[in-house]
Amino acid sequence: MAAAPSSLGTHFKEELSCSICLELFTRPKVLPCGHIFCQDCLQDLASRQLPLLCPICRLQVRPPPQGVAGLPDSHIIASLCERLQQQATLSEETREQQAQSASRCSFHPSEELKVYCTQCQVRVCDQCLEETHDGHGTTSIKKAAQERSSTVQALINEGRNIVESYLNFLRSLREEEKTLNEKKQQRDNSIIQAYNQMVQKLTQRKDHLLSESEENHTKNLDRIQSERDRVLTDINELSAACDRAEQKLQQEWVQFLSQQTALTEVVGKYRGKAAPTPVQTQPAVFQPTDTPVPVLGHVTVQSLPSAPIPAAPAARGTGHHHGNQRQGELQPQMVTFGERGSGTGQFNDPLGVTVSEEGEIFVSDKENQRIQVFTLQGTFVRQFPTVVPGEQEMYPHDVAMDGEGNLWVVGRTENLWVVGDMDSAEFAVQYNKQGRVLRKFDLQKTGRGRGVAVDTRRNHILITQTTEDPSNLHGEVLVFGKKGIFGRTVGLVRTVGQQQGMGWPQYITVDGEGNILVSDRDNHCVYVYNEDGQFLFKFGGWGCGEGQLYKPRGICTDRAGNIIVADKGNRRVEMFDKTGKFLKHITTDMKEPYAVAMATQGQLVVTDEDQKVTIFQNF
């Protein structure tokens, strides 16, 4: 049955209405997923949360540099909305005028159309009938309309039925979209559940293997200790006899001769005794299985139904691993990934890095204005833009993890690290691990790169700063906090290091004892302060020898308190003990290392000016 005209208008309005404001589209914008919304509605969403989430399918959308206004327009939808609005605003008076105009002769405007010429099949006035239709058969307009109404009504009904079928098709598309969204959510939940179960099994297996390894190690140490105790007993007996003989050499001959007899017996005892043989330990060896890495499952596409459903757009490229790992091969000692670019897993100045308790690597990708997240095997996980509330996107310099598992990022809104740039501002911004902004506070504009660290014991944020006042050029460390607990506001607690003549303190870390360690790229050294900011010592100094540094950058400490420094100018990564004594070169084969971070699992993560990230294991 054909739909009434008013019903058709309702259906059209429903299809041309924004699902956010429920009104006809105003400046309709198209998201990458294909869904359309009003520009103002999207702008309101973007002001509250970035990245933008599609209200229908929840796809994450990163607006272009010009914001929501830069998204593609839907000209067809805009045109249809305009026509529908024009039709709705057509007044009754206008319709009456059109009706009156339709009853007048186009050749003789003063004359009304009174009869219908059956030969020419047109309505005519009296004057036209005399001039051009003389002798033609005529009938009344009402009778002619009645005779043709059945044909016209049939065409109307056919057109209404076609429109109704199209509307039904649009309804089916909405239902299909709803079904696809529900199935995707169910599928994603199944994948996560399978992953969690597999991680649990792998964790249990890991714990079992570590327990076996510890048991084997303890047995071998016991063997060594037993042999050590036996040999030490023999050494004590023989050494005591020799010592007594030496003491009597200068004494009376009778006593000496008696001591000689005792020494002869002891030495004779060990002369024929076999020397200690090496202890036969049996260290266990871990052999990974030859089976491939466990597979969670597969996402397969089922055959399409017979109904002509429009094909979905091709999927975008997915993240990939840039290392050289293959199934069945042993885990390498070093994993390297990344290259220059703006795509997934690519970098443009990875200046900062930190690792979460769960083993996720967070890299501040400065020129790409984002944070990228990877696993400790180098696999891309996710990314999010470094936005500042009420400002534009920020160029992040350094990143640190606080005790609550959130990130602190320092950077500026303009890329030029130049003093006097009136259009720029510097901030410290706190994000959660998914990139949602939690809070931020302003920093003094200095024009130089900063470092950030968190004292998790005191819940203090430590940020390096270099003043650019030529009459008072110095570096310092700003310590922020609020009574030991992060509040919604953060205040300055104290300033550290003004008296030691730091030039450019760029990177900073806090060790397990709360000591503050700062790398100074201008003075080529590392400054060490206690948790209260009192100067303890410094080490390094310009040069390329062992223990010397040249423009040091990133700094961190391991579980033993050893200090690891990215010696950028010498293209190497160095290890010092907690007193600043040089221990070893971790690597001397980097272009120019930027930042370093230690994982709780013992891996060292290093970013490089070569736009790469390297994970060192068992270094």
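Bear in mind these aren't lab numbers, they're just calculated from the coordinates by the rules spelled out. Owing to the predicted nature of the structure, the values given are computational and were not obtained by experimental measurement. FYI the Cβ positions are ideal-geometry reconstructions off the backbone, even for glycines, and counts take in every protein chain you see.
Tabulated data for the structure shown
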| quantity | calculated |
| --- | --- |
| Burial ordering of MET598, MET394, fewest other beta-carbon atoms within 10 Å first | MET598, MET394 |
| Built amide H within the under 5 Å cut-off of LEU53, gap 5+ | VAL61 |
| Too-long pairs where the Cα-Cα distance tops 22 Å, listed order kept, from LYS29/LYS184; LYS13/LYS178; LYS440/LYS568; LYS366/LYS440 | LYS29/LYS184; LYS440/LYS568 |
| Additional length obtainable on full extension of the chain from ASN168 to LEU536, 0.36 nm per residue less Cα span | 124.7 nm |
| Separation of alpha-carbon centers, the stretch 9-84 and the stretch 103-170, rounded to whole Å | 44 Å |
| Taking CYS128, CYS33 and counting other C-beta atoms within 10 Å, the order from fewest to most | CYS33, CYS128 |
| Candidate lysines - alpha carbon under 19 Å from LYS183, same-chain residues fewer than 8 apart omitted | none |
| Nearby lysines by direct alpha-carbon distance to LYS219 (threshold 25 angstrom, same-chain neighbours under 8 apart not counted) | LYS206 |
| Ranked packing of 499-507, 220-228, most packed first, by mean Cβ within 10 Å | 499-507, 220-228 |
| Proximal lysines relative to LYS273, as straight alpha-carbon distance under 20 Å, when same-chain residues fewer than 8 apart are discounted | none |
| For the stretch 430-441, Karplus couplings with θ = phi - 60° (6.51, -1.76, 1.60), whole Hz, Gly/Pro x | 9, 10, 7, 5, 9, x, 7, 6, 9, 6, 8, 9 |
| Nonlocal amide H pairs with TRP504, under 5 Å, H built at 1.01 Å | ARG521, ASP522, ASN523 |
| Where labels lie 7 Å past Cα in the beta-carbon direction, separation of GLU214 and ARG48 in nm | 5.0 nm |
| Computed FRET value (nearest 0.05) for ALA262 with GLN499, which takes r as the C-beta separation and R₀ as 56 Å | 0.25 |
| Prolate/oblate/rounded label for the stretch 344-553 (Cα gyration tensor, a/c 1.5) | rounded |
| Phi-based couplings in Hz for the stretch 444-459 (Karplus 6.51, -1.76, 1.60; Gly and Pro marked x) | 5, 6, 10, x, 10, x, 10, x, 9, 8, 10, 8, 5, 6, 9, 6 |
| Likely footprinting exposure, ILE20, ILE192, fewest C-beta neighbours within 10 Å first | ILE192, ILE20 |
| Long-range amide H partners of PHE539 with built H, under 5 Å | VAL526 |
